[in-house]
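For reference, the structure is listed below as C-alpha cells.
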Amino acid sequence: MLVLFVFVTITTTFLPAAAQKQDQPYLSKNAVIRYDGLERADTTQPIIYLVFTGGDYNDGGKTVLKTLKKKKAIAHFFFTGDFYRDRSNKSLIKKLIKHDHYLGPHSDKHLLYASWNDRDSMFITKDSFIIDLSNNYKELKRFGISQKEAPFFMPPYEWYNQQISNWTTEYGSILVNYSPGTSSNADYTTPDMGDRYLSSDYIFENILRFESTSSCGMNGFILLVHIGTHPARKDKFYARLPALIDELRLRGYRFGSLQKLIGHS
C-alpha cells in the first residue's frame, strides 16, 4: 500500500469537557480532535490504542496475531474492501475476529480524498465517498460485522479534511486517525525512498523518545503500524512489536479498546 509522507501545518483542538456533544461520547475531556476526527483519546489516561491498517500487503499478519495473543494485547485493524475480498486474507481475518480484535473500514479502494498540497481541494464527490465506504462495509458484513459493530473508520492514506469528517458523521460512522509524533506510520518506507526511509530501529527509538519528552507521554495515543509492507522493505517494524509492547508496559501503559470510548465492550 503506497502512502505518501508529507508535513503540513494544521489546527489541533483539546476539547474541554463543557464542549462535549451528547451524541459523541468519544470526544472526552482532553481528547485531541483534528477536523472533527479523533486523533488522540484522553491525554490524562495511560492508555495506548494499537491500530493496524492494511490494503495491498499482509505479510505481517501471522506475526502480529501471534504477538498480540502472547502479550494479551487488544488491537484495531482497519482494512480496505480489497483486503477483505482477497481470499488469502480470509484465514487471518477470521482469527482476528475470533480473538476479539476490532475490524473496521479503511475505504473500499484506498482513495485519495484530497490534494496533498491543498487539503481542501477535493478529489471525490459525496456520492463517490458514500459508495466507496458502503462497499467497504459490505465486505465487513460478509464476515458478520455490521456498521454498528464497527463504527470507527480510518481514512485511506490517513488523510482527510473537514468535509470528509462531515460526510463520515452523516453516514453514521466515527472518523479516527493516528496520533502524530512517533513516525510509526513511516514503517512502510523503503530504502529507495532516500531520506524518507526510516529504519525500524529509528522508529522504535523515536517512539520511546516521544514518550519520554512529550508533556503527556503517550496517554491516549493512537499508535499506527502497517500489517504488511512492500517486499523491498526487509526491515519489518511489526517484528519489533513484542519488545515495544513490553517496554511501553514497563513505562506504565496499558493497551485499550476504542469501543469502550463509546460504551461498547
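Each reported figure results from applying straightforward, stated rules to the coordinates on display, with no laboratory input. If you're wondering where the values come from, they're calculated on a predicted model, not measured in any experiment. Cβ atoms come from the backbone with ideal geometry, glycine included; neighbour counts cover every protein chain shown.
Can you give the calculated 222 nm mean residue ellipticity of the chain, where each DSSP H run of n ≥ 4 adds -39,500 (n - 2.57) and the sum is split over every residue, rounded to the nearest 500 deg cm²/dmol? Using -39500 (n - 2.57) per qualifying helix, the result is -8500 deg cm²/dmol. In the chain, taking the dipole from charged Cβ atoms about the Cα centre, the farthest positive-side position among Gly194, Ile130, Phe221 is held by Phe221.
Here the residues Asp195, Asp246, ranked from fewest to most Cβ neighbours within 10 Å of their Cβ, fall in the order Asp195, Asp246. Measuring r between the beta carbons of His99 and His230 and using R0 = 25 Å, the FRET efficiency lands at 0.40.
Suppose the chain between Asn117 and Thr169 were pulled fully straight at 0.36 nm per residue; how much longer would it get relative to their current alpha carbon spacing? Numbers along the way, then the final one.
Details: separation 52, 0.36 × 52 = 18.72 nm, distance 2.47 nm.
16.2 nm is the gain from fully extending Asn117 to Thr169.
Seen through its C-alpha gyration tensor, with square-root eigenvalues sorted a ≥ b ≥ c, the chain comes out rounded because a/c lies under 1.5.
Counting only DSSP beta bridges whose two residues both lie in the stretch 23-262, roughly 20 percent are antiparallel. Ranked by the mean number of other Cβ atoms within 10 Å of their residues, highest first, the peptides 170-178, 72-80 fall in the order 72-80, 170-178. Annotation: extensible slack from Ser91 through Asp127 equals 9.7 nm (criterion: 0.36 nm per residue apart, minus Cα-Cα distance).
If you rank Trp116, Trp159 by fewest surrounding Cβ atoms within 10 Å, what's the result?
Starting with the residue having the fewest Cβ neighbours, the order is Trp116, Trp159.
Mean-square fluctuation check for the chain, GNM, Cα pairs under 10 Å: which of Gly104, Gly144, Gly54 is largest? With Cα springs under 10 Å in the chain, the top fluctuation among Gly104, Gly144, Gly54 is at Gly144. Length gained on full extension, Lys29 to Phe143, computed as 0.36 nm times the residue gap minus the Cα-Cα distance: 37.6 nm.
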